[in-house]
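Shown next, in structure tokens, is the structure this report addresses.
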Amino acid sequence: ASFLLLCFRSPLVTPLIFGLLLQASFTQPSTITQPNFVLFLADDLGIGDVGCYGNDTIRTPNIDRLAKEGVKLTQHIAAAPLCTPSRAAFLTGRYPLRSGMDAINDYRVIFWNAGSGGLPPNETTFAKILQRQGYSTGLIGKWHQGVNCESRNDHCHHPLKHGFDYFYGMPFTLISDCQPTETPEMDRAFRRKLWLSTQIIGLITLTAVLGRLTGLISVHWKTLTYLAGFSLLFFTSWFSSYGFVRYWNCIMMRNHEITEQPMVTDRTTSLILRESISFIERNKHKPFLLFLSFLHSHTPLLTTEKFLGRSRHGLYGDNVEEMDWMVGQVLDALDKEGLKDTTLVYFASDHGGWLERQEGKRQLGGWNGIYKGGKAMGGWEGGIRVPGIFRWPGVLPAGTVIDEPTSLMDIYPTVVHLAGGAVPQDRVIDGRDLLPLLRGAAAHSEHEFLFHYCGVHLHAARWHQKDTGAVWKAHYVTPIFSPPGAGACYDRGFCPCFGEGVTHHEPPLLFELSQDPSEAKPLSADTEPLFDTVIRRIGRAIEEHRRTLAPVPEQLSVSNVVWKPWLQPCCGTFPFCWCDKEGDN
């Protein structure tokens, strides 16, 4: 006791002790038990669309402020290059094919609210674990993980069945069909074929009837009746779904209740922002998780009049700048409630920008900076390398840049551990806790290997060779760009994962990303002495990874993604589905 008294009376020791206490409070996140979480996830935003990642023409001051006040990741990788599988991986911390949320066919996302596929009920999201830890959990915005399984109201895939206490937003995803003035987007090429087939069948029927009436063709009226019935049945079979996409898919829900069918797009942005801020205000006195899943910057690029014409990149730039403003409004709400220092904020995009999305001369998709490829391309960096920013004042060092491979799947264990929970032990969790890396306590990412899928097809894999700092990436399959050399699949609208639209490489294309991040110069055994060694090591890792995979039901099979009338969410008596409860209020 006398020694302690002497220490505290010493003018030299006292500042030292206080300095150590301050340092401990900065480096130990345990001093803040159960921080709040605000997770921002943009839709189709390219890494090159954000100021702090090199864009000097689209203004994103609020996102840039997060990077300045926190940690910016430069190798943040999505587990899939499309919405549904990427978000499934984000929510579960697992590669999407482990939950059946990646496809063997060309239907690589949830296509209808009335499909039966979706995030399986036996998957455990980070929201479900945080809910058990006493958190209030809210999802505002886009879901795109399915709704029903067997009946219209079973809501087996609904956010409230996956750990969220509160949901307001779209159970589907924003598409151009939701905007009556825009050209339809959903399954556009297939719809054209259906219209053409309908016209051909109708023309054959009409010709047969006229031929019978004029005596030029000898055919029984009974046959003509069957033919006419078939024509009508064929038309009804597809037009009952594709003819009413806006009513079937473009709906808004609050918890289990449909509030708008179809959605009123003019007020969607303001409602999503209002709901986000309201959730913070309602839950400011207890730990909360807010997952703000933006509809920005997916087509049709819903943008309020205040932001139209403000950017130098047309409607797409306007839309990104409005999203940045929304981020600022939510951050201001945290400041107003005194929650800034007790809240971990995260910003990312679900995958790369959509290069092929154009209407005439208008570019409606994002930009992926120096990285090759884009949305739907499972291997090229432009499809999977996304912004990744964390801010937690007093815990994470401000202005830090980390050039280590990380994944959107890492959010799962990071959030779970900070909330005092434990990740499930009965399944493989592919994400890694990022906190040691973010705080500077670890020099390297825990990911030695990351595997890059296009659907269920492995297109590429990367090896982070920690002793040298090299990041090797082997491409086994790449899409064939069309037209040749264009850098994307403009003739198709999306690059495929398999079939005639891809090239298989043997030996694989090899790049060293720390030296060639644009993947412009493939290495060979002649130019790289370690070529064979690297290829063999990555090959062994792929074999080990595949041994961890188990067969699961395919949630995106044709039978699961097809429109089923009996599963259609409806706020009236089907098929008369129409309501506007927000307008009524």
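Pull up region 169-190, narrow it to residues that are open to solvent by less than 30 Å² (accessible area, probe 1.4 Å) and in a helix (DSSP H, G or I), then point me to the one that is nearest to THR269 (Cα to Cα).
Step by step, filter region 169-190, then rank; the result is CYS178.
Restricting to region 365-387, give me the number of residues that are closer than 19 Å to ALA79 by Cβ, of a type in the set (A, V, I, L, M, F, W, C) and assigned to a loop (DSSP other than H, G, I, E, B).
3
Of all the strands (runs of 3 or more DSSP E) wholly in region 388-471, which have at least 3 residues that are touching a Phe, Trp or Tyr at 6+ places or on another chain (Cβ under 8 Å) and within 22 Å of ARG540 (Cα to Cα)?
On the way: elements: 400-407, 449-454, 457-465.
Qualifying strands (runs of 3 or more DSSP E): 449-454, 457-465.
MET263 fails exactly one of the following numbered conditions: (1) hydrophobic (A, V, I, L, M, F, W, C); (2) closer than 18 Å to CYS577 by Cβ; (3) open to solvent by less than 10 Å² (accessible area, probe 1.4 Å); (4) not in a loop (DSSP other than H, G, I, E, B). What is the number of that condition?
So the condition that MET263 fails would be (4).
If GLY117 satisfies all but one of (1) surrounded by 23 or more Cβ atoms within 10 Å (Cβ to Cβ); (2) touching a Pro at 6+ places or on another chain (Cβ under 8 Å); (3) among the small types (Gly, Ala, Ser), what's the number of the condition it fails?
Condition not satisfied by GLY117: (2).
Per-residue answers, yes or no, for (1) more than 23 Å from GLU381 (Cβ to Cβ); (2) free of Cβ contacts under 8 Å to residues at least 60 places away in the same chain:
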position: HIS504; (1), (2): no, yes
position: PRO507; (1), (2): no, yes
position: SER518; (1), (2): no, no
position: LYS521; (1), (2): no, yes
position: THR527; (1), (2): no, yes
position: HIS545; (1), (2): no, no
position: TRP566; (1), (2): yes, no
position: PHE576; (1), (2): yes, yes
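Regarding region 91-109, can at least one residue be identified that is among the β-branched types (Val, Ile, Thr), open to solvent by 10 Å² or more (accessible area, probe 1.4 Å) and within 14 Å of the chain's Cα centre (by Cα)? Reasoning before the result, please.
First pass over region 91-109, keeping only residues among the β-branched types (Val, Ile, Thr): 92, 104, 109.
With the extra rule that they be open to solvent by 10 Å² or more (accessible area, probe 1.4 Å), the set shrinks to 104, 109.
The next check asks that each one be within 14 Å of the chain's Cα centre (by Cα); those that pass are 109.
Yes; the residues of region 91-109 include at least one that is among the β-branched types (Val, Ile, Thr), open to solvent by 10 Å² or more (accessible area, probe 1.4 Å) and within 14 Å of the chain's Cα centre (by Cα).
Which residue out of LEU301, LEU295, LEU290, LEU271 is modelled with pLDDT of 95 or more, outside any loop (DSSP other than H, G, I, E, B) and within 18 Å of the chain's Cα centre (by Cα)? Spell out how you get there, then give the answer.
Details: LEU301 fails: outside any loop (DSSP other than H, G, I, E, B); LEU295 fails: outside any loop (DSSP other than H, G, I, E, B); LEU271 fails: within 18 Å of the chain's Cα centre (by Cα).
Matching residue, one of LEU301, LEU295, LEU290, LEU271: LEU290.
Working only within region 223-241, note down all residues that are open to solvent by 40 Å² or more (accessible area, probe 1.4 Å) and in contact with a Ser or Thr (Cβ under 6 Å, 6 or more places away or on another chain).
Within region 223-241, LEU227, ALA228, PHE235 meet the criteria.
How about region 343-381: which of its residues are open to solvent by 50 Å² or more (accessible area, probe 1.4 Å) and either under 17 Å from ASN55 (Cα atoms) or modelled with pLDDT of 95 or more (or both)?
Restricting attention to region 343-381, the residues satisfying the condition of being open to solvent by 50 Å² or more (accessible area, probe 1.4 Å) are 358, 360-363, 367, 370, 372.
Matches in region 343-381: GLN363, TRP367, ILE370, LYS372.
Checking the condition of a type in the set (Ser, Thr, Tyr), part of a loop (DSSP other than H, G, I, E, B) and either under 30 Å from PRO405 (Cβ atoms) or not assigned by the TED database to the domain that holds TRP563 (or both), which residue from THR124, THR137 passes?
The unique qualifying residue is THR124.
Step by step: first the residues of region 48-57, then only those that are modelled with pLDDT of 95 or more and open to solvent by 10 Å² or more (accessible area, probe 1.4 Å), then the one that is nearest to the chain's Cα centre (by Cα). Which residue is that? Steps first, answer last, please.
Taking region 48-57 first, the residues modelled with pLDDT of 95 or more are 48-55.
If we keep only those that are open to solvent by 10 Å² or more (accessible area, probe 1.4 Å) as well, we get 51-55.
Values: GLY51: 20, CYS52: 20, TYR53: 19, GLY54: 22, ASN55: 21 Å.
Taking the candidates together, the pick is TYR53.
Please go through region 34-69 and give me each residue that is touching a residue at least 12 places away in the same chain (Cβ under 8 Å), outside any helix (DSSP H, G or I) and farther than 21 Å from THR269 by Cβ, ordered by number.
Narrowing region 34-69 to residues touching a residue at least 12 places away in the same chain (Cβ under 8 Å): 34-55, 57-69.
From the residues that got through so far, the ones that are outside any helix (DSSP H, G or I) too are 34-46, 50, 54-55, 57-60.
If the condition is that a residue be touching a residue at least 12 places away in the same chain (Cβ under 8 Å), outside any helix (DSSP H, G or I) and farther than 21 Å from THR269 by Cβ, then GLN34, PRO35, ASN36, PHE37, GLY54, ASN55, THR57 are the ones that fit.
What about ALA79, is it open to solvent by less than 10 Å² (accessible area, probe 1.4 Å), of a type outside the set (Asp, Glu) and modelled with pLDDT under 95?
Numbers: open to solvent by less than 10 Å² (accessible area, probe 1.4 Å): yes; of a type outside the set (Asp, Glu): yes; modelled with pLDDT under 95: no.
No: the conditions fail for ALA79.
Taking the criterion of being outside the structural domain of TYR53 (by the TED database), surrounded by 11 or more Cβ atoms within 10 Å (Cβ to Cβ), under 24 Å from the mean Cα position of the chain (by Cα) and at pLDDT below 95, would at least one residue in region 536-554 satisfy it?
no
Given (1) closer than 30 Å to CYS454 by Cβ; (2) open to solvent by less than 10 Å² (accessible area, probe 1.4 Å), identify the lone condition not met by PHE279.
Result: PHE279 fails condition (1) only.
For region 430-459, which residues satisfy the criterion of being more than 23 Å from the chain's Cα centre (by Cα) and under 19 Å from VAL401 (Cα atoms)? Please lay out each step first, then the result.
Filtering region 430-459 down to residues more than 23 Å from the chain's Cα centre (by Cα) leaves 436-437, 439-444, 448.
The answer is PRO436, LEU437, ARG439, GLY440, ALA441, ALA442, ALA443, HIS444.
Do we have ALA486 as farther than 18 Å from LEU73 by Cα, open to solvent by less than 50 Å² (accessible area, probe 1.4 Å) and free of Cβ contacts under 8 Å to residues at least 24 places away in the same chain here?
So ALA486 passes the test.
Just to be sure I understand the filter: pairs with C-beta atoms under 6 Å, separated by 6 or more residues or on different chains, first member in region 402-413 and assigned by the TED database to the domain that holds ARG391, second member charged (D, E, K, R). Which pairs pass?
MET409/ASP430; ASP410/ARG432; PRO413/ASP433
In region 242-257, is there at least one residue being in contact with a Gly (Cβ under 6 Å, 6 or more places away or on another chain) and either surrounded by fewer than 16 Cβ atoms within 10 Å (Cβ to Cβ) or among the charged types (D, E, K, R) (or both)? It would help to see each step written out before you state the result.
So in region 242-257, the residues in contact with a Gly (Cβ under 6 Å, 6 or more places away or on another chain) come out as none.
Checked region 242-257: no residue is in contact with a Gly (Cβ under 6 Å, 6 or more places away or on another chain) and either surrounded by fewer than 16 Cβ atoms within 10 Å (Cβ to Cβ) or among the charged types (D, E, K, R) (or both).
Please go through region 345-376 and pick out each residue that is of a type in the set (A, V, I, L, M, F, W, C) and more than 20 Å from the chain's Cα centre (by Cα).
Result: ILE370, single match.
Hey, can you tell me all the residues within region 430-457 that are in contact with a helix residue (DSSP H, G or I) (Cβ under 7 Å, 6 or more places away or on another chain), surrounded by 18 or more Cβ atoms within 10 Å (Cβ to Cβ) and not hydroxyl-bearing (Ser, Thr, Tyr)? Give the derivation first.
Quick first cut of region 430-457, residues in contact with a helix residue (DSSP H, G or I) (Cβ under 7 Å, 6 or more places away or on another chain) only: 430-435, 439, 442, 445, 449, 451-453, 456.
Restricting the remaining residues to those that are surrounded by 18 or more Cβ atoms within 10 Å (Cβ to Cβ) gives 430-435, 439, 445, 451-453, 456.
Matches in region 430-457: ASP430, GLY431, ARG432, ASP433, LEU434, LEU435, ARG439, PHE451, HIS452, VAL456.
State whether one or more residues within region 474-481 are open to solvent by 30 Å² or more (accessible area, probe 1.4 Å), of a type in the set (A, V, I, L, M), on the phi < 0 side of the Ramachandran plot and in a loop (DSSP other than H, G, I, E, B). Explain how you work it out, then say what you get.
Looking only at region 474-481, we keep the residues that are open to solvent by 30 Å² or more (accessible area, probe 1.4 Å), and these are 476, 480-481.
Still in the list and also of a type in the set (A, V, I, L, M): 480.
Checking which are on the phi < 0 side of the Ramachandran plot leaves us with 480.
Going one step further and asking which of them are in a loop (DSSP other than H, G, I, E, B), we end up with 480.
The answer is yes; a qualifying residue exists.
Do you know which residues across region 224-237 are touching a residue at least 12 places away in the same chain (Cβ under 8 Å) and either among the polar types (S, T, N, Q) or farther than 13 Å from LEU194 by Cα (or both)?
The initial filter retains those residues of region 224-237 that are touching a residue at least 12 places away in the same chain (Cβ under 8 Å), namely 224, 227-228, 230-231, 234-235.
Selection gives LEU224, LEU227, ALA228, PHE230, SER231.
The values are calculated or read from the model by the stated rules, or taken from the named source; none is laboratory data. Keep in mind the model is a prediction, meaning the values are calculated, not measured. Cβ: placed from backbone, ideal geometry, glycine included. Neighbour counts: every protein chain shown. Areas reflect the complete protein model, heavy atoms only, side chains present, ligands, DNA and RNA absent. Shrake-Rupley method; radii C 1.70, N 1.55, O 1.52, S 1.80 Å.
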